[in-house]
Ligand code: AHR
């Protein structure tokens, strides 16, 4: 009896040691399309996110088009940015659109009370924002002001942007340089109404939402999809009340969740130079996104079984302590390999929930929180997060495919652990099959066997993002310290096994 137990135990142990992670893609069961808007961006009037980072003005010596930096716009175009959310965030609920039209030197000067109390000269307003969207080839997502605005103000903004008529507001738009109405793709009624948007309860907001949407009139072809401000973290009340109370005119309910290494707003953790315990907690806290989306979906599935309403994660990303010596209100932080892994984990989660998660916006595009690009006067650098976004471009508008991960390893610290490998797959618009693999373990590489529908796969061709240090990052002195390299693997003996390096992201086409 004792001998049999020892034998069974040793088999189990050796079974563990030799078990290989296997990723099986079921190409015969296409799932929902991963809306390209899942790769959306967020640009708020915050710190140097817009002013300096992107907007320098037409008179600047920094090469620009209509005031927008050519270098930054050129780099962003490589990401195929599908849409940009503007002007906030918290800023949106104190933004009055009339301040941002007409001759720039005549626009009112305000104080940005949310972000550092700095001067806001309103140089970037509606026309400038649409210029940016046109330069990027992106859709627009405008966030309306419910906090300090009014139904009338929002209704008139929509009229100003979208009316083909001869109304005074449409003529004012023409006088300001725009003959044709713009198409406003998305419009949100307020932001974070549970907090900076007005500290409301969901029932109160649901009534206000219905009131506002009644008066957002626009010709059908220019009418935006309207978004309701939703909950955050583990609060599902907003998604629940809104999908019960609002029956029309709600394309999506927003949801916000930020990854904070320590989980505490006071002392969030540093962007670089962090201990492994904070690499681990960052992975752990990022993976909570899956649980939060599932909880929101559960209430939405009950109230809206036809899935008419999307869950739009219109703010997500890492939030660290600001870089020493920078304005605390500017939310400027470095961006390391860890951020690229966080982005990839989030993408894999979003793909899995493509039936409801039809839009997300990383916070934020340039110089703020988990940015794509950092700038210093006329210089700019691409962050590891930028590279993750670029690697995942084939997933935009791709058809998601079910993926089963077996024999997954665990990355453990103390008694806690997270799955070592995260995987996602989709059929791209180009007809190719793509797989994304992430290794959360900063110390151990792992072998992963990739199968397609149990039939095996011949080769992988794509890119790998990794580095030696957990906090490897790009600086203005070394802007290419972290960048993707080519990644190829060939099947042997009918098996396609790839070595996934520690702390890495791979995106590849499978043939
Ligand atoms: O992205 C920074 C801020 O975070 C946004 O303005 C706000 O909506 C959120 O709290």
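The values are calculated or read from the model by the stated rules, or taken from the named source; none is laboratory data. Here the structure is a predicted model, which is why all the values come from computation and not from measurement. Note: ideal-geometry Cβ built from the backbone for every residue, glycine included; neighbour counts use all protein chains shown.
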### Summary
Given the conditions (1) buried (at least 23 other Cβ atoms within 10 Å of the Cβ); (2) within 16 Å of the ligand (Cβ to nearest atom), every one holds for residue 239 apart from (2)
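Among the residues of segment 45-63, how many are assigned to a loop (DSSP other than H, G, I, E, B) and touching a residue at least 40 places away in the same chain (Cβ under 8 Å)?
12
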### Query
If you take the residues of segment 34-44 that are in contact with a strand residue (DSSP E or B) (Cβ under 7 Å, 6 or more places away or on another chain) and not in a loop (DSSP other than H, G, I, E, B), which of them is nearest to the ligand (Cβ to nearest atom)?
42
### Task
For segment 88-98, indicate whether the set of residues that are within 25 Å of residue 312 (Cβ to Cβ), within 16 Å of the ligand (Cβ to nearest atom), assigned to a loop (DSSP other than H, G, I, E, B) and over 17 Å from the mean Cα position of the chain (by Cα) is non-empty.
yes
#### Entry: strands (runs of 3 or more DSSP E) enclosed by segment 397-466 - at least 3 residues per element that are surrounded by 14 or more Cβ atoms within 10 Å (Cβ to Cβ)
399-401, 416-419, 421-427, 433-439, 446-452, 459-465
#### Entry: Check on residue 218, away from the ligand (no atom under 16 Å from the Cβ) and not in a loop (DSSP other than H, G, I, E, B)
no
### Task
Looking at (1) at pLDDT 95 or above; (2) in a loop (DSSP other than H, G, I, E, B), find the lone condition where residue 385 falls short.
(2)
### Task
Test residue 325 against the criterion of being surrounded by fewer than 24 Cβ atoms within 10 Å (Cβ to Cβ) and either at positive phi or touching a strand residue (DSSP E or B) at 6+ places or on another chain (Cβ under 6 Å) (or both), and give yes or no.
yes
### Query
What do you reckon, is residue 209 touching a strand residue (DSSP E or B) at 6+ places or on another chain (Cβ under 7 Å) and assigned to a helix (DSSP H, G or I)?
yes
### Message
Given the condition closer than 28 Å to residue 165 by Cα and in contact (Cβ under 8 Å) with a residue 40 or more places away in the chain, answer yes or no: does some residue in segment 192-203 qualify?
### Response
no
### Residue that is nearest to the chain's Cα centre (by Cα) [pool: residues in segment 285-322 that are assigned to a loop (DSSP other than H, G, I, E, B) and away from the ligand (no atom under 16 Å from the Cβ)]
309
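I'm checking my understanding of the structure. Among residues of segment 361-380 that are under 11 Å from the mean Cα position of the chain (by Cα) and within 13 Å of the ligand (Cβ to nearest atom), which one is farthest from residue 82 (Cα to Cα)?
Residue satisfying both the conditions and the ranking: 370.
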### So residue 185, is it in contact (Cβ under 8 Å) with a residue 12 or more places away in the chain and touching a helix residue (DSSP H, G or I) at 6+ places or on another chain (Cβ under 7 Å)
no
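If you check 267, 325, which single one turns out to be touching a residue at least 40 places away in the same chain (Cβ under 8 Å), over 20 Å from the mean Cα position of the chain (by Cα), more than 22 Å from residue 351 (Cα to Cα) and in a loop (DSSP other than H, G, I, E, B)?
Just a single option satisfies the conditions, and that option is 267.
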### Message
Any residue at all in segment 399-408 that's closer than 16 Å to residue 285 by Cβ and at pLDDT 95 or above?
### Response
no
### Message
Can you find a residue that is within 16 Å of the ligand (Cβ to nearest atom), within 30 Å of residue 198 (Cα to Cα) and either in a loop (DSSP other than H, G, I, E, B) or not assigned by the TED database to the domain that holds residue 371 (or both) anywhere in segment 64-87?
### Response
yes
### Message
For segment 75-96, which positions are under 17 Å from residue 185 (Cβ atoms) and in contact with a helix residue (DSSP H, G or I) (Cβ under 7 Å, 6 or more places away or on another chain)?
### Response
80, 81, 82, 83, 84, 86
